[in-house]
Amino acid sequence: MGGRLDQRVLVLNRLWQPVNIVGLRRALSLLFRERASVVHPDDGTHRVFPAAEWVAHSRAKPPASDEAIRSPSLLLRAPRVILLAVYDKVPRREIRFSRRNVYLRDQHTCQYCGRRFAEEELNLDHVVPRDRGGVTSWENIVTACIRCNARKANRLPTQAGMALQRAPQRPKWRMLVSASLSSAEMELWREFLDVAPSGELPWKA
């Protein structure tokens, strides 16, 4: 089956809580093995389609070419959200500490001057410098632009006359996923991920 198999699909548990994002191939496997149904917007609400009903819906309302998965016998509408049939837990996810994930948590924004930058214009900064006992952790690392990073140098923010935009914290999976969404995914999944209409994440409020 050809089509948009690189597309991502949001996975909800049985309680309609987001638990994963998978590729389209994996989503279709769950759907046709009857382990999940498709959640599709319809007149201001959401309808749930098991596999056979989703095929019938695709035939009754053929998808646009950019939403279609083609096979020799079927033009199937690509699902964007699926609902698991039995799973009702929210898995514990240990977010890997990495430069990219810190940038995502801080939305590519310098935590000292408050300006947004491209990745190549950013550094990681130890709020409490390592030679003063500061550790490399979510709670002591922030995104800083090159200029602010050089200005702060090996000092505490107060010593450099600088202040953090907000205290760093360990991100939750939903926060990090929300920060990594494309604009199209944000629009499609906003209500499931609690992303504000402005695009801001709920933990900033």
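Every read-out reported here was derived from the displayed coordinates using simple, explicitly stated rules and does not represent laboratory data. Just so you know, these numbers come straight off a predicted model, no measurement behind them. No Cβ is skipped: glycine too gets one built from the backbone with ideal geometry, and neighbour counts run over all protein chains shown.
Based only on other Cβ atoms within 10 Å, what is the fewest-to-most ordering of THR45, THR136?
THR45, THR136
Return a whole-number percent for the relative contact order of the range 12-101, with Cα pairs under 8 Å and 6 or more residues apart as the contact set.
RCO, the range 12-101: 38 percent.
Please state the relative contact order of the chain as a whole percent: Cα pairs under 8 Å, 6+ residues apart?
The value is 18 percent.
Normalise the Debye intensity by I(0) for the chain, one equal point scatterer per Cα, no solvent, then take log10 at q = 0.13, 0.14, 0.19 Å⁻¹ and round to two decimals.
For the chain at q = 0.13, 0.14, 0.19 Å⁻¹, log10 I(q)/I(0) is -0.79, -0.86, -1.26.
With each run of n ≥ 4 DSSP H residues scored as -39500 (n - 2.57), what mean residue ellipticity at 222 nm is computed for the chain after dividing by its residue count and rounding to the nearest 500 deg cm²/dmol?
Value at 222 nm, helices only: -7000 deg cm²/dmol.
Under a crude label model (7 Å from the Cα following the beta-carbon direction), how far is ARG170 from PHE32 in nanometres?
4.1
Could you list LYS89, LYS172, LYS61, LYS152 so that the one with the fewest beta carbons within 10 Å of its beta carbon is first and the one with the most is last?
The order, fewest Cβ neighbours first, is LYS61, LYS89, LYS172, LYS152.
Provide the FRET efficiency to the nearest 0.05 for the CYS113-ARG155 pair, computing r from the beta carbons and using R0 = 25 Å.
In this case the efficiency is close to 0.95.
How would you classify the range 99-152 from its alpha-carbon gyration tensor, with a ≥ b ≥ c the square roots of the eigenvalues: rounded for a/c under 1.5, else prolate if a/b is greater than b/c, otherwise oblate?
Note, shape of the range 99-152 comes out oblate.
Round to the nearest 10 and give me the degree value, 0 to 90, for the angle of helix 183-193's Cα axis relative to the longest principal axis of the chain.
For helix 183-193, the angle is close to 90 degrees.
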